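The structure appears below as structure tokens.
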Amino acid sequence: MARNILVVAELDEGALSSTSTELIGQANRLSDGGQVSATLLGTGATGAASTAFEAGADRVFANDDGGYDQYNSDIWVSAVENAAGQSSPDAIFVAQSVVGRDMGPRIAARQGSAVAMDCVNVEDVGGELKATRSAYGGNAQAMYSFATSPAVMTIRAKAFDPIEARASASGETIDAGAPAESRTTIVGREFAETEGLQLTDATIVVSGGRGLGGPEGFETVEALAAAFGTNRAAVGASRAACDLGWYPVSQQVGLTGKVVTPDLYVAIAISGASQHMAGCSGSKMIIAVNRDADANIFAMSKYGIVGDYKQVIPALIEAVKAVG
Amino acid sequence: MHFVVCAKQIPDPETPPTAFKIDAATNEVIPAQGFQPVLSQFDGIAAEAALRIKEAAGDDSKITVLSLGAESAQAAIKQVLAMGADEGVLLQDDAFDGGDSHTTAKVLAAAIRNLGDVDAVFCGRQAADWDMGQVGLLIAEELEWPVAILAKDVQITDGTMSTTRVLADGYETVAQSLPAVVTVSNEFGEPRYPKLQQIMQAAKKTVTTQRHDDLGLDTGDVGAAGSRLKLDKLFIPETDGQVELIQGDTPQEQAANLVAKLRADKVL
């Protein structure tokens with residue numbers, strides 16, 4: 001059944017963000033002959049429209065006004081409401097980002113419908129859109145359907161592959177309109193001082209837990225991350241380790257820390273409590289090194305080594321270095 | 001001023017996954033033996049934010065705790081009362097059962113409207129069981145109030161709420177006129193632990209119970225009847241088999257075997 005899908009796309013330094021490309025691609029797959037629209041707001045928006053067409057969109061609601069550059073809830077919600085009014089969507093896709101966490105519930109409320117947050121899958125089951133997401137710290141998965149329309153979903157980064165770029169595809173560009181009024185004034189912005197790669201951007205995350213036995217254990221964890229390459233690997237820590245002051249809280253992975261979805265998550269001396277798994281269960285692959293063969297983390301891992309990290313990790317560092 | 005803290009009681013997230021079970025017939029979590037339900041961690045932090053503002057103002061601001069839940073949710077309310085909140089309201093009604101985020105927000109917003117003079121609503125960034133993170137936003141939509149999410153700092157002065165929000169690459173500070181809603185993130189800091197004396201005092205504080213008719217809500221608009229999002233299936237994801245334990249006579253051999261696997265899987 002043909003369905004119209006509206007994607008709330010985001011710009012990353014003036015270009016279509018990688019997650020938006022994935023969302024437009026999945027919208028294209030699920031549209032079944034319906035129209036895929038995207039909103040693009042802020043400096044560079046109309047220029048990025050062609051990328052959105054290549055990614056699978058038929059129509060783009062764009063406006064280059066710099067008033068859209070920094071996400072302001074009321075302003076963006078108003079623009080997306082307008083686009084929804086003109087595109088009659090059966091579904092609205094938003095990335096589970098700073099934008100989506102705010103936009104998802106608000107646009108759903110404005111449309112008299114509901115949102116499923118942080119979806120890892122969106123599929124057509126017998127003509128109906130179903131959304132799957134994690135709950136209970138990754139212990140459970142929940143599949144939802146919608147009693148109301150449009151079905152709004154915020155979708156996790158890397159949940160879907162983009163479609164093959166449709167070379168020289170074209171579509172219709174419609175003015176998304178000038179920024180509306182907002183009840184919110186943005187009075188300041190500061191960038192966090194981060195050395196090197198952000199945890200949430202890393203394709204490999206190497207984390208240490210209480211089983212390291214002390215803060216010095218993180219030197220070994222850091223050495224493994226360095227062996228993988230500082231341009232793609234970052235270091236995380238369990239809450240227990242952070243609570244003990246062994247590693248900065250900014251690097252905490254888990255329910256009350258960062259949620260990471262790397263290609264590879266290496267859990268060293270981490271038992272795998274639910275609250276920790278909540279932060280890493282979306283990883284493509286988890287491997288674990290733990291002395292305790294019964295540690296829960298092994299149940300969540302593809303590969304495991306039962307052993308003392310003090311012996312295993314230095315050996316692993318050498319083996320990783322050996323393959324470059 | 002009058003602040004509201006929304007508090008949810010949830011299964012303890014420290015429950016080990018091995019003790020986590022689902023009743024497939026009802027799509028509900030079976031309470032784990034030996035683990036008491038707890039106040040959702042982020043809601044404790046939201047309470048802390050409200051308390052600090054009240055203390056900084058040094059006036060007779062009032063904090064009311066709202067919880068939608070079963071009778072057992074009294075414990076979550078009592079915990080926030082022990083932290084220093086003044087009154088509690090338990091929103092309990094069979095008609096609320098089977099609700100979604102929309103109906104939860106509808107009930108909470110009705111209760112806030114009922115209180116009449118609320119200046120700000122403090123919610124956790126998400127409930128630590130379902131992790132949706134939308135009730136605070138939906139309350140704001142119901143009330144048509146501005147909302148700021150993911151706060152690491154909140155100040156209220158002269159009718160303006162100033163919130164520092166956590167972004168992917170830093171922070172932003174936003175200003176909004178009261179009344180407003182804020183959802184508080186873990187970056188705010190740890191909630192206080194009530195002292196024994198405060199726990200005893202909390203036992204004496206007033207907790208009222210309200211039902212749908214107290215709030216002027218129709219049963220058809222709340223609970224399962226009013227839900228827009230339908231849970232089709234709650235299940236424990238199947239892992240793609242047992243973990244493969246990497247063998248080897250020495251750590252070096254194990255490490256080499258593991259790297260070979262990772263290369264075969266194209267992870268390295």
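State whether the residues of the range A:30-42 include one that is among the hydrophobic types (A, V, I, L, M, F, W, C) and within 14 Å of another protein chain (Cβ to nearest Cβ). No, the conditions are met nowhere in the range A:30-42.
To keep it simple, each residue is scored yes or no on (1) surrounded by fewer than 20 Cβ atoms within 10 Å (Cβ to Cβ); (2) closer than 30 Å to B:Ile30 by Cα; (3) more than 7 Å from chain B (Cβ to nearest Cβ).
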{"residue": "A:Pro150", "(1), (2), (3)": "no, no, yes"}
{"residue": "A:Arg156", "(1), (2), (3)": "no, yes, yes"}
{"residue": "A:Pro162", "(1), (2), (3)": "yes, no, yes"}
{"residue": "A:Ser170", "(1), (2), (3)": "yes, no, yes"}
{"residue": "A:Ala178", "(1), (2), (3)": "yes, no, yes"}
{"residue": "A:Glu181", "(1), (2), (3)": "yes, no, yes"}
{"residue": "A:Leu212", "(1), (2), (3)": "no, no, yes"}
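Every condition in (1) at pLDDT below 95; (2) surrounded by 14 or more Cβ atoms within 10 Å (Cβ to Cβ); (3) among the aliphatic types (A, V, I, L, M); (4) over 29 Å from B:Thr164 (Cβ atoms) is met by A:Leu224 except one, and the failing one is (1). Does the range B:220-237 contain any residue that is within 14 Å of chain A (Cβ to nearest Cβ), in contact (Cβ under 8 Å) with a residue 60 or more places away in the chain and within 27 Å of A:Val249 (Cα to Cα)? No, the range B:220-237 contains no residue that is within 14 Å of chain A (Cβ to nearest Cβ), in contact (Cβ under 8 Å) with a residue 60 or more places away in the chain and within 27 Å of A:Val249 (Cα to Cα).
The C-beta contact set for the range B:239-252 (first residue of a type outside the set (A, V, I, L, M, F, W, C), second residue modelled with pLDDT of 95 or more and in a strand (DSSP E or B), distance under 7 angstrom, 6+ apart or interchain) comprises B:Glu244/A:Tyr303. I'd like to know if the range B:47-58 contains one or more residues that are at pLDDT below 95 and surrounded by 19 or more Cβ atoms within 10 Å (Cβ to Cβ). No - not one qualifying residue is present in the range B:47-58. In the range A:112-160, the qualifying residues are those that are assigned to a loop (DSSP other than H, G, I, E, B) and modelled with pLDDT under 95, and the one that is farthest from A:Leu23 (Cα to Cα) is A:Asn139.
When B:Val38, B:Val118, B:Val89, B:Val107 are screened for being within 25 Å of B:Gly189 (Cα to Cα), out of contact with any Lys or Arg (no Cβ under 6 Å at 6 or more places or on another chain) and more than 14 Å from chain A (Cβ to nearest Cβ), only B:Val118 passes.
Taking residues in the range A:298-317 that are facing chain B (nearest Cβ under 7 Å), and partners anywhere that are surrounded by fewer than 19 Cβ atoms within 10 Å (Cβ to Cβ) and of a type in the set (Lys, Arg), the pairs with Cβ atoms closer than 8 Å and at least 6 places apart or on different chains are A:Tyr303/B:Lys261; A:Val306/A:Arg291; A:Gly307/A:Arg291.
Of all residues in the range A:161-201, exactly one satisfies the criterion of being polar (S, T, N, Q), out of contact with any helix residue (DSSP H, G or I) (no Cβ under 6 Å at 6 or more places or on another chain), in a loop (DSSP other than H, G, I, E, B) and more than 30 Å from A:Ala226 (Cβ to Cβ), namely A:Ser168.
With the condition kept exactly as written, say whether any residue in the range B:191-204 is small (Gly, Ala, Ser), more than 30 Å from A:Gln251 (Cβ to Cβ) and in contact with a Ser or Thr (Cβ under 8 Å, 6 or more places away or on another chain). Taking every residue of the range B:191-204 in turn, none turns out to be small (Gly, Ala, Ser), more than 30 Å from A:Gln251 (Cβ to Cβ) and in contact with a Ser or Thr (Cβ under 8 Å, 6 or more places away or on another chain). Any residue in the range A:26-38 that is modelled with pLDDT under 95 and part of a loop (DSSP other than H, G, I, E, B)? So far as the range A:26-38 goes, yes, one or more of its residues are modelled with pLDDT under 95 and part of a loop (DSSP other than H, G, I, E, B). Of all residues assigned to the range B:153-161, none qualifies as being out of contact with any helix residue (DSSP H, G or I) (no Cβ under 6 Å at 6 or more places or on another chain), at pLDDT below 95, facing another protein chain (nearest Cβ under 10 Å) and closer than 19 Å to B:Lys54 by Cβ.
For the range A:105-129, filtering for residues that are of a type outside the set (A, V, I, L, M, F, W, C), at the interface with chain B (Cβ under 7 Å from one of its Cβ atoms) and under 22 Å from A:Gly34 (Cα atoms) leaves 1.
I'd like to verify a number: residues in the range B:141-152 that are at the interface with chain A (Cβ under 8 Å from one of its Cβ atoms) and either closer than 27 Å to A:Lys258 by Cα or in contact with a His (Cβ under 7 Å, 6 or more places away or on another chain) (or both), how many?
Going residue by residue through the range B:141-152, those that are at the interface with chain A (Cβ under 8 Å from one of its Cβ atoms) are B:141-142, B:146-150.
This time we only want the ones that are either closer than 27 Å to A:Lys258 by Cα or in contact with a His (Cβ under 7 Å, 6 or more places away or on another chain) (or both), so: B:146-150.
Here the count works out to 5.
Scanning the range A:98-137 for residues being small (Gly, Ala, Ser), surrounded by 24 or more Cβ atoms within 10 Å (Cβ to Cβ) and under 19 Å from the mean Cα position of the chain (by Cα) gives a total of 5. Exactly one residue out of B:Glu244, B:Glu238 is more than 20 Å from A:Met143 (Cβ to Cβ) and not small (Gly, Ala, Ser), and it is B:Glu244.
Inspect the range B:203-210 for any residue being without any contact (Cβ under 8 Å) to a residue 12 or more places away in the chain and buried (at least 16 other Cβ atoms within 10 Å of the Cβ) and give the result as yes or no. Scanning the range B:203-210, I find no residue that is without any contact (Cβ under 8 Å) to a residue 12 or more places away in the chain and buried (at least 16 other Cβ atoms within 10 Å of the Cβ), so the answer is no. Residues that are of a type in the set (D, E, K, R) number at least 1 in the following strands (runs of 3 or more DSSP E) confined to the range B:55-143: B:62-68, B:87-91.
A:Ser168 fulfils the conditions (1) modelled with pLDDT of 95 or more; (2) within 24 Å of A:Leu30 (Cβ to Cβ) except for a single criterion, (1).
Among the candidates A:Gly188, A:Gly245, the residue that is farther than 23 Å from A:Ile5 by Cα and in contact with a Ser or Thr (Cβ under 7 Å, 6 or more places away or on another chain) is uniquely A:Gly188.
Of the residues making up the range B:254-268, at least one is at positive phi, within 12 Å of chain A (Cβ to nearest Cβ) and among the charged types (D, E, K, R).
The values are calculated or read from the model by the stated rules, or taken from the named source; none is laboratory data. Just so it is clear, the model here is predicted, and its values are computed rather than measured. Cβ coordinates were reconstructed from backbone atoms using ideal geometry, including for glycine residues, and neighbour counts include every protein chain displayed.
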